[in-house]
1. Are there any pairs with C-beta distances below 6 angstrom linking a residue in the range 366-390 that is within 30 Å of K446 (Cβ to Cβ) and in the same structural domain as K449 (by TED's automatic domain parsing) to a residue that is modelled with pLDDT under 95 and acidic (D, E), with the two at least 6 apart or on different chains, and if so which?
2. Within the range 129-146, count every residue that is assigned to a loop (DSSP other than H, G, I, E, B) and charged (D, E, K, R).
3. For S172, work out the one condition from (1) in contact (Cβ under 8 Å) with a residue 40 or more places away in the chain; (2) under 21 Å from the mean Cα position of the chain (by Cα) it doesn't fulfil.
4. Tell me which residues, restricted to the range 436-450, are assigned to a loop (DSSP other than H, G, I, E, B) and in contact with a strand residue (DSSP E or B) (Cβ under 6 Å, 6 or more places away or on another chain).
5. Residues in the range 472-483: is at least one closer than 23 Å to E380 by Cα and modelled with pLDDT under 70?
6. Any idea which of R419, R395, R386 is modelled with pLDDT of 85 or more and not small (G, A, S)?
7. So which of V269, V307 is closer than 27 Å to S357 by Cα and not assigned by TED's automatic domain parsing to the domain that holds M150?
8. Would you point out the residue of the range 425-435, among those that are of a type outside the set (D, E, K, R), touching a helix residue (DSSP H, G or I) at 6+ places or on another chain (Cβ under 9 Å) and in a loop (DSSP other than H, G, I, E, B), that is nearest to K528 (Cα to Cα)?
Amino acid sequence: PRRTPAGTSGPAGGQKRSKVTLGLESKRRTLNISRFPQRAAAGEITGCFQQEQIKELKLYKIASELLQTERAYVTRLHLLDQVFCARLTEEAGKGMFPVEVVKGIFSNVGSIYTFHSQFLLPDLETRMSQWASTPRIGDILAQLAPFLRMYAEYVKNFDSAMDLLKQWTERSAQFNTIIQDIQSQEVCGNLTLQHHMLEPVQRVPRYEMLLKDYLKKLPEDDPDCSQAKKSLNIISMAATHSNMAIRKMENLKKLMEIYEMLGGEEDIVNPSNELIKEGQILKLAARNTSSMERYLFLFNNMLLYCVPKFSLVGQRFTVRTRVCVEGMKVLETSNEDYPHTFQVSGKERTLELQASSEQDKEDWIKAFQETIEIFQQKNETFKSSRLELGKRAPRWIRDNEVTMCMKCKEPFNPLTRRRHHCRACGYVVCYKCSDYKASLRYDGNKLNKVCKDCYFILTGRADAEEPVSGKKRGILEIEAAQVSGNSFLCGFLQYSTDRTKPCQRVWCVIPQHDALVLYLYGAPQDVKAQCTIPLLGYQVEDVQRSVDHPPTSFRLCQSKSVHCFTADTEEVKLRWLKVIHKAVIGEIPESDMTRRHLFSNPTGPERKRH
């Protein structure tokens, strides 16, 4: 309807509150004009209408941008899942390279593609086509945003995926040929697989940015405001994980640049290394206090003190000294002839340095102090966990509760890798990881067989490797006991991916922190999962009684991927099916075991099924 000029029609003049319908091509909202005096000039109200129209147009543009970028994003997800992953999986099935490599690289990108192509994009398409009657997007995002938690798995696996991709591109000619062939196609847009794989990491922060902009333009009293704020809170949490992954990628890229600057002589390209600050500095000589140009690279765990060297291909440096942050101290010094000086002392060397200005000096001192403080805090936290070790007898993990060494994760076998118990922590480990002895207080300080990690803790000796608690965990390296204790369902099932192969008994878990992923372990105490199955989009088949399958069997199918399970009893099977049936369509159990459907939308399009 057209906007009616003020004063020409409408409610009686004595009525205190009135609304004027505002038409803006493809959308309808109402504007409350009760805040205006009854005798307000027509020009003031007209100006208000114009401002309201501008706001409405901005909201429409934001929603339209969300839809356009979502279409493009789904296209790139299709490229990752249905082109790269599908082609590599097909070739892996021919024995060209391990199927596990492809799964390790692409993680749960299939579930992400299913969610966006079958749920989020269709809902946005429908809403934009109905914008005239329903001009809002907050309700859709509030409904679907909780499912963005699936990105945590993808982001967590991203670093190891990049490592696997690099490793197998160099190792396998067939693998590299497939990648190069797809990258040369027009659909790739002259971009590498690595570039496209970064797209899901960047997508969630994009939602956060658009939603923040949407809320800025949305009036506080708008019905969509509360839903938009609710979805922003959820998306912001998911964006935190993605932003951390982006920073890690940028950090690794910077480490590679520094590695090249140092001539490849320093092994610094490691995800645990983080560049804090770098820059030119002057070094004061100890004898004659003359100054020499130097360059510093300060990391979270060390300082590289470098000398610039001549090069025709950019900056190059030679590392003169590596100073560990452990035990490092920084002091402000005073020198009448050389202002802006400070001292950095460590186990390896003491350096008298001169900054270019007072501000530069303060920045360097602050960077050193914060780095030292963070390092000490982490070190103290790790030390406190060691205090009780060896003082009391541990609970022994039973032999039949693990299938692999709880330290090196190598599988046990009765001939070459037998089970042994660490007398300090109670873990089941292999002979290589238990070939140490240390005195334990609870056993009268007698020497006992212990694992490598406990040995270095109990003896106070420095291990050449990073402590286990500080190691970065891969996506599968979540202990079965840890997730089983906080799960919606866990238990033994017989499992197979091929009808011709015998089933193996596995410990299955659907954890509360990752409710739409099924973890498969060899035993309840294993420290690493054999594999994970992102459940969204799978079709659940209740297998009928047959020669090949007992009546307690069921299957999960998606494209060419088939997972066969058999429960011990019909009751156990029904319990698993009750949870899995909901997970494959995006329903997540609440902590009180009630069910909440994330994707219910009675006015939206009918959902597709794989």
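The values are calculated or read from the model by the stated rules, or taken from the named source; none is laboratory data. For clarity, every value in this text was computed on a predicted model and none was experimentally measured. In this analysis, Cβ positions are derived from the backbone assuming ideal geometry, glycine residues included, and neighbour counts consider all displayed protein chains.
1. none
2. Start the filter on the range 129-146 by keeping residues that are assigned to a loop (DSSP other than H, G, I, E, B), which leaves 130-137.
Subsequent filtering for residues that are charged (D, E, K, R) retains 136.
So the answer is 1.
3. Going through (1) in contact (Cβ under 8 Å) with a residue 40 or more places away in the chain; (2) under 21 Å from the mean Cα position of the chain (by Cα) one by one, S172 breaks only (2).
4. Going through the range 436-450, the residues assigned to a loop (DSSP other than H, G, I, E, B) turn out to be 444-445.
Matches in the range 436-450: N445 only.
5. Taking the range 472-483 first, the residues closer than 23 Å to E380 by Cα are 472-473.
If we keep only those that are modelled with pLDDT under 70 as well, we get 472-473.
Yes; the residues of the range 472-483 include at least one that is closer than 23 Å to E380 by Cα and modelled with pLDDT under 70.
6. On the way: R395 fails: modelled with pLDDT of 85 or more; R386 fails: modelled with pLDDT of 85 or more.
Testing whether each residue is modelled with pLDDT of 85 or more and not small (G, A, S) leaves just R419.
7. Working: V269 fails: closer than 27 Å to S357 by Cα.
After applying the criteria, what remains is V307.
8. Of the range 425-435, the ones of a type outside the set (D, E, K, R) are 425-431, 433-434.
Filter once more, so that each one left must be touching a helix residue (DSSP H, G or I) at 6+ places or on another chain (Cβ under 9 Å): 425, 427-429, 433-434.
Narrowing the set further to residues that are in a loop (DSSP other than H, G, I, E, B) leaves 425, 427.
Numbers: C425: 18, Y427: 14 Å.
Among those residues, the one meeting the criterion is Y427.
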